[in-house]
1. Restricting to the stretch 224-244, count the residues that are open to solvent by 10 Å² or more (accessible area, probe 1.4 Å) and charged (D, E, K, R).
2. In the stretch 280-320, how many residues are farther than 17 Å from Gly379 by Cα, open to solvent by less than 40 Å² (accessible area, probe 1.4 Å) and in a helix (DSSP H, G or I)?
3. Looking only at the stretch 388-419, which residues are open to solvent by 10 Å² or more (accessible area, probe 1.4 Å), out of contact with any helix residue (DSSP H, G or I) (no Cβ under 7 Å at 6 or more places or on another chain) and either charged (D, E, K, R) or at negative phi (or both)?
4. Please find, among Glu221, Glu247, the residue that is at pLDDT below 95, of a type outside the set (Lys, Arg) and either open to solvent by 40 Å² or more (accessible area, probe 1.4 Å) or in a strand (DSSP E or B) (or both).
5. On the given criteria, is Arg180 in a loop (DSSP other than H, G, I, E, B), touching a strand residue (DSSP E or B) at 6+ places or on another chain (Cβ under 8 Å), among the charged types (D, E, K, R) and surrounded by fewer than 15 Cβ atoms within 10 Å (Cβ to Cβ)?
6. Ser152: of a type in the set (S, T, N, Q), assigned to a strand (DSSP E or B) and modelled with pLDDT of 95 or more, yes or no?
7. Would you point out the residue of the stretch 190-216, among those that are free of Cβ contacts under 8 Å to residues at least 60 places away in the same chain and open to solvent by less than 70 Å² (accessible area, probe 1.4 Å), that is nearest to Pro175 (Cα to Cα)?
Amino acid sequence: MYREIAQELVSFIKNSPTPFHAVESISGILEGEGFQRLKEGAAWDIKPGGRYYVTRNASSILAFKTGTQLENYSFHIAASHSDSPAFKVKENAQIDVKGKYTVLNTEGYGGMICSTWFDRPLSLAGRVIVKEGNSLVTRLLNIDRDLLMIPSLAIHMNREVNEKQSLNKQKDMLPVFSGRKMDADALKTLVADELKVEAERIYGADLYLYNRAEPSVWGAEGEFISSPRLDDLECAYASLQGFLRGENRGSVSVYACFDNEEVGSQTKQGAASTFLCDALTRINTALGKTSEDLSRALASSFMLSCDNAHAVHPNYPEKTDVNNCVYMNEGIVIKSHAGQKYTSDALSIALFKIICEKAGVPVQFFANRSDMNGGSTLGNIAMSQVSVNTVDIGLAQLAMHSSYETAGIKDAAYLIRAAEAFYNSHICETDAGVYEIEK
């Protein structure tokens, strides 16, 4: 079972080299399950028992299933993110080097480990805006071949490379495109040829480098999986599968996958945007509910903020907390932080622990060392727009923000089971202020 789910995850990741492709992959899965696409710019006709999804910027997606008994309903939400650290190609991309090379001008997106991008086959993917008549049409691009490489500087020219190395993204991280000086529009022509359109019809593009390395299942007992973009496509895929399997007649089940978490989420399609709030409000209105109904629903709603967590590193165990530390293949990680970089609190942790107990899924707990700053995630950011009880969870992994990350082969299956149990449950606040979880 674990290996089968790992292979399905690998296939999803390979088809999702950018957030645009991830949203297309998710959309295809949803449509195969009978979900109807909605548009933000059109009226929403929503019925009890229906299945729907909507996208924003083609890089964030929100899907939902409406129950059939919604007299006292709430929202059950699982949120993840579609983006990963990468290098984005600048508008005027080609740089000539002594008439003998053409390299591409790029800039960093998110906090990547730069050294992991050296000396491996790379290619380009993203979205391209094409003019068709009087319309601008979005086309997805994935140049599915080894196209680029960022070569290391030989140790003979950098004798201190193994002792210390400072990398400059503008100088050290530019990928080689060609072994000669190319025509000024060579990249645009290549993109046009891939899309089978005329180059002059291309009016814009968001293109990113991606690692071409094949995912791998490895270890003495095949217990590890390594792949590009595990953070956070592993959670995006596993929570989606749990969402599809779960069912609750008394709630609205919501799946959200936001773009731009790696750069702070402060965009029109990020977790800090109005996307989630807009969707929940419109669902409530389309179901014939009042603003009072919406406030009551949100008070009993619950969200899983799903983003991967740092496993103990075998070579650096001192980098993690002495006993709030986690390991791959040992269960879903519940993340806490006194300064609320993670939204988990006693109530949300307790509710999630009960859900996992029902699903037979192990949990473990993560907190940063008190003398080290850790990362943050989308849960508390999303709460600036819509306030619901939330627990921050994730799956343990190594080498977070490397171009090739490592996780445990069992953990995606654990999240699928827990997410299914979550969507099967009905969480409600009683008149006595007590929270109950009903199957």
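The values are calculated or read from the model by the stated rules, or taken from the named source; none is laboratory data. Note that the structure is predicted; figures quoted are calculated from it, not measured. When we count neighbours, we look across all protein chains shown, and the Cβ atoms used for this are built from the backbone with ideal geometry, even at glycine. The protein model used for the area step is the full one, side chains on, heavy atoms only, and it has no ligands, DNA or RNA in it. Shrake-Rupley method; radii C 1.70, N 1.55, O 1.52, S 1.80 Å.
1. Number of matching residues: 1.
2. 5
3. Leu398, Thr406, Tyr414
4. The conditions single out Glu247.
5. When the stated conditions are applied, Arg180 passes them.
6. No: the conditions fail for Ser152.
7. Result: Leu190.
Per-residue answers, yes or no, for (1) farther than 18 Å from Leu395 by Cα; (2) of a type in the set (Ser, Thr, Tyr):
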position	(1), (2)
Gly288	yes, no
Ser301	yes, yes
Asn308	no, no
Glu330	no, no
Val333	no, no
Asp345	yes, no
Ser348	no, yes
Thr377	no, yes
